[in-house]
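The values are calculated or read from the model by the stated rules, or taken from the named source; none is laboratory data. No experiment lies behind these values; they were computed from the predicted model shown. Note: ideal-geometry Cβ built from the backbone for every residue, glycine included; neighbour counts use all protein chains shown. With ligands, DNA and RNA removed, areas are computed over all heavy atoms of the protein, side chains included. Shrake-Rupley method; radii C 1.70, N 1.55, O 1.52, S 1.80 Å.
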Amino acid sequence: MSHIQIRHLSKSFGDTKVLHDINLDVESGAFVTLLGPSGCGKTTLLRIVAGLETPDEGVITSGDQTFVDTSNGVFTDPQDRKLGFVFQDYGLWPHLSVAGNVAFPLKMAKAPQSEIDRRVREVLTDVQLTEHAAKLPEQLSGGQKQRVAIARALAGKPSLILFDEPLSNLDANLREELGQEIRLLSKQLGLTCVNVTHDRREAQILSDSIALMKDGVFHMFGRPEDLFRAPRDVWSAQFLDAGNILPAGLVLQNGRAANAKVLVPRGAFHLAEAVSPIQAQALNCIFIEDRYEVTAVLAGNIIKIFSDRSVAMNDTIHLAVDEDAILEF
Amino acid sequence: MRPALFGLSAVTLIVIVGFPVVAIVLFALFPHINELSFREPFSVLLPNLTRPRLIDATINSLSLSFAVTLVSALIAVPLAYMRAKFPLRFGQIWDAGFLVPFLIPPYIGSLAWMQLLQKNGFVEQALGFNLAGFLFSFPGIVTVMSLHLFPLIYFTTANAFAIIGTRYGDVARVFGGGPVQVFIRIYLPMVFPALLSSCLIVFILTIEEFGTPEILGSRFGYEVIVTAIHEKFSDWPIDLPGASVLSLILIVIAFFAFQAHQRLSDKFQTAIESQTVDKRGQPLSPGYLFAVILIFGTALFVAVVMPLATITISAFMDTLSGGVTASNLSFNNLIGIFDTSSEAWQAILTSLTLAVLAAVFTVLIALVVAFTVVRLRSAATVFLDFLSILPNSVPGMAVAVGLILTWNQTIWPISPYNTPVILLLAYLCLMLPYPVRMITAALRQLPKSLDDAAYISGAGEITVIWKVLAPLLGPIALAAGFIVFAISTRELVSSIMLAPPGVETVATFVFHQFDQGSVNTGMAMSLVAIVVSGSIIALGQRLQGRSRTGSTS
């Protein structure tokens, strides 16, 4: 059953159209990410779902509640949408304690004090911050602040949680760790989530499916692996950093216009055992995770490949290519 | 809720700020507008504009303002340049001294100078000669006003010198510039926008000043626009359209001066790449240091010690003619003020009540206006922003005239005119820019996500203002309130023009005591006013400083 339905949504700021006829279904319990470069309209779309902006046209429904329907002038205020929202800069109120921040949505819903106390303890346990309940936000680290923001978003048991680049203010290690936690938590609690980011890695860590946005439209939509394995065009391949984009003539012998672009995933190149027609000049070789990553120049194109052995800088390397893995645009 | 907040802000600002200003413009153009008629348009404007008395008053106002600005700058710039070379700690002592003139309301300062220099004044009692001829002349007024206003230019310019630092000058020295050349070719052009923008403030304050020209100028028939307006209301028949024409001239001059000031201060802030202040200062040779101390000491003695000492001594003197002798000094005047049945005590109560109300209301209005302007951006925002800052360029006298023109009409079923409420309206209009500017600036520093998070959590606009923003803006709002309070307690011109019969404020009380010859009671009251408003301003500044250093991360 789809939980959130967005139909024919459009929005302009002045003369610039930021969203064109957007349609999206988010299944109950799914984690969807709107991924795209800055200015693609993703944040506007999220803010429209939250009710912080109004669309020019379109309908958004959540379960049996209509958030907005421009055809008959329905608009539900953000405070009545039962949402959670996790902000990029956390948006924690500096004058309230951790518990005070988390309790705020419950107080707004006029929950009884006993219920508020119980629920605050519960969500702080979920994000492993029980011992910090009395602290002020300024006494917390960046990761802890974001956990508080998540706890606050969870507190009112919302049917939908929106994330605005939740990991972008955190350093790389923490980003990975907290990202995994958010994903696990969302699955355990069966949360429906919509996330916005320009960082493909953040999208990969969190999402069940990704909407790749460009110039106010959904350019691609699908599971992360589908997007990364089969980007629709050169732009998508480049934005997703899906592999090496090369003229077809360099790697394919048969048919095809030699100038047509193809995508050669980094794993599709191997260091050849013997002399090969595909030769490149090694620029750099670094050891990352459990293998070497070699940067080289292939007929004027910079390429990146994985290798299990080291290569000396400036060496000529001979490459074999797995033609089946090549994607032609 | 949003349309309601817009409506509330707009209505409040239109009533408090819009009405008086529009009334002045309408009356100047259509003298019969109070009969709801556009009959005989310009019939008052054009004849008035060619009347010699008005032209003289305008020329006097302009020449006085130019002269005061020039003399203030001539005193302030050398001091500011020397100040920038001091080590910080040492310089702060002098700065504290130069803050004192801000605490002495200008009319009290003028009265003090009269006490000093007039026939049989303190100077004559001590040294055997008087300077009455100098005091009651154009150079005399210019000197008294400059001594009061130069600290404004001093502080702005000293800060500009400090921000620029020595590095630009060092570069010039390396390329062969001598000290004088470096000052003229490097430092002066760099501080020029800041200098000019503070000069414009001095210009505006001079042209809207009532007390000093009234006290000193009236003795030798020197009339400026503000005193001419006052005259129009004291001579029967009252010439309302004439007063509105004069007020309009005043507003136009102040408005353009203020616009220029804003441009220039923005320009200075963007022109300097790094705004860090070099706190070390430079080593000074003993001879140079001695000369600097002498110059600062003289300035401080003339501008601060002399008037302040005069006020203090006068406050303790039983009779003016008795002179400064032990038998003539007592606490009688001060005790008299705190006699709860006295007029003085009533005036204090009136001023305190009005000041507290003005502080509370302006801060509340400023909170709502700041929220509407900063957070609920819309087409109307520009208009609200304009209205809330407009009183900066509307002199107190013009506000008073505008309020009289607005509320002294038969069309209103009830009117605050002739009640103390009209004083409150005047204070609200005059003081509103202070809290609006402070709270707006503070609100811009708070991330929007704090509001959004509250909306998402189920809060409405009122809850966001009250539960989220108000606590965070609390310290700055309190500081703004203190400043409004302090300035309200000393406000003279609109109080004199608007106070209903039998109602006195501290300022009008002091002013009238001098008219009646009870100089020592007036000085005692002045001393109380200076101490009270001074400590409140200091408290407000401290709070503001603390809220700025307390991080908003």
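Considering only beta bridges that DSSP places wholly inside the protein assembly as shown, some 75 percent are antiparallel.
Chain A against chain B buries an accessible area of about 1700 Å², both chains summed, 1.4 Å probe radius. Computed over protein heavy atoms with a 1.4 Å probe, the accessible surface of the protein assembly as shown works out to 44 Å² per residue.
Sparsely packed loop sites in region A:236-329 (the trypsin sites (Lys or Arg not before Pro) outside DSSP H, G, I, E and B with at most 13 other Cβ atoms within 10 Å) comprise A:Arg256, A:Arg309. Pairwise Cα distances in region B:294-413 exceed 18 Å for 77 percent of all pairs. The average projected area of chain A, computed from the convex hull of its Cα atoms over all directions, is 20.9 nm². Ranked from largest, the principal axis spans of the Cα set of region A:185-231 equal 33, 23, 16 Å. Projecting label points 7 angstrom from Cα along Cα→Cβ for B:Trp345 and B:Thr312 puts them 2.7 nm apart. Within the straight-line cut-off of under 25 Å between alpha carbons, the lysines reachable from A:Lys187 are A:Lys42, A:Lys82, A:Lys145, A:Lys157, sequence neighbours fewer than 8 places apart in one chain being disregarded.
With 5 Å bins beginning at zero, the pair-distance distribution over Cα atoms of region B:446-544 amounts to 2, 12, 15, 13, 12, 10, 9, 8, 7, 6, 4, 2, 1, 0 %.
Over the residues of chain A, the helix contribution to mean residue ellipticity at 222 nm works out to -8000 deg cm²/dmol, using -39500 (n - 2.57) for each DSSP H run of at least 4. May I ask for log10 I(q)/I(0) of the protein assembly as shown at q = 0.07, 0.11 Å⁻¹, from a Debye sum over the Cα atoms as equal point scatterers with solvent left out? So the normalised log intensities work out to -0.77, -1.26.
A:Ala237 sits among other residues whose Cβ lies under 15 Å from its own Cβ, and their net charge, with Lys and Arg +1 and Asp and Glu -1, is +2.
For trypsin sites (Lys or Arg not before Pro), the sites in region A:92-164 that DSSP calls loop and that have at most 12 other Cβ atoms within 10 Å are A:Lys110. Ranking B:Met397, A:Met220 from most to least accessible surface, computed with a 1.4 Å probe over the protein chains only, gives A:Met220, B:Met397. Dividing the summed -39500 (n - 2.57) terms of all DSSP H runs of n ≥ 4 by the residue count of chain B sets its mean residue ellipticity at 222 nm at -23000 deg cm²/dmol. The mean number of partner chain beta-carbon atoms within 10 angstrom of a residue's beta-carbon across peptide A:43-55 is 1.
Taken residue by residue and averaged, Cβ atoms of other chains lying within 10 Å of the Cβ of A:84-94 number 6.
Normalised by 2.2 N^0.38 Å, with N the number of residues, the alpha-carbon radius of gyration of region A:89-240 equals 1.16.
Against the compact-protein benchmark of 2.2 N^0.38 Å, the Cα-based radius of gyration of chain B scales to 1.02. The relative contact order of chain A, computed from alpha carbon pairs under 8 Å that lie at least 6 residues apart in sequence, is 16 percent. Where does the longest stretch of chain B lie that holds no chymotrypsin sites (Phe, Trp or Tyr not before Pro) found in a DSSP loop with 13 or fewer other Cβ atoms within 10 Å? For chymotrypsin sites (Phe, Trp or Tyr not before Pro) (loop position, at most 13 other Cβ atoms within 10 Å), the longest site-free span of chain B is B:339-553. Within the same chain, aspartates and glutamates fewer than 8 places from B:Lys467 are excluded, and of the rest, those with a Cα less than 16 Å from its Cα are B:Asp451, B:Asp452. The GluC sites (Glu not before Pro) of region A:229-329 that meet both conditions, a loop assignment by DSSP and at most 12 other Cβ atoms within 10 Å of the site Cβ, are A:Glu273, A:Glu289. Span-like helix check, chain B: qualifying full DSSP H segments, with Cα axial length of 27 Å or more and mean Kyte-Doolittle of 0.0 or more, are B:52-84, B:138-164, B:188-208, B:240-271, B:343-374, B:470-490, B:519-549.
Expressed as a whole percent, the accessible area of chain B that falls on carbon and sulfur atoms is 68 (1.4 Å probe). Over chain B, what relative contact order in percent results from Cα pairs under 8 Å that are six or more residues apart? Contact order relative to length: 20 percent. Counting heavy atoms of the protein chains alone, A:Asp322 has an accessible area of about 70 Å² for a 1.4 Å probe. Projecting label points 7 angstrom from Cα along Cα→Cβ for A:Lys261 and B:Phe383 puts them 5.0 nm apart. Near B:His512: Cβ cut-off under 13 Å, other residues only, Lys/Arg at +1 and Asp/Glu at -1. The net charge is -4.
Neighbours of A:Phe306 by Cβ distance under 9 Å: Lys/Arg scored +1, Asp/Glu scored -1, total +1.
Accessible area per residue was computed with a 1.4 Å probe on protein heavy atoms; A:Val234 scores about 40 Å². B:Arg437 contributes about 110 Å² of solvent-accessible surface, heavy atoms of the protein only, 1.4 Å probe.
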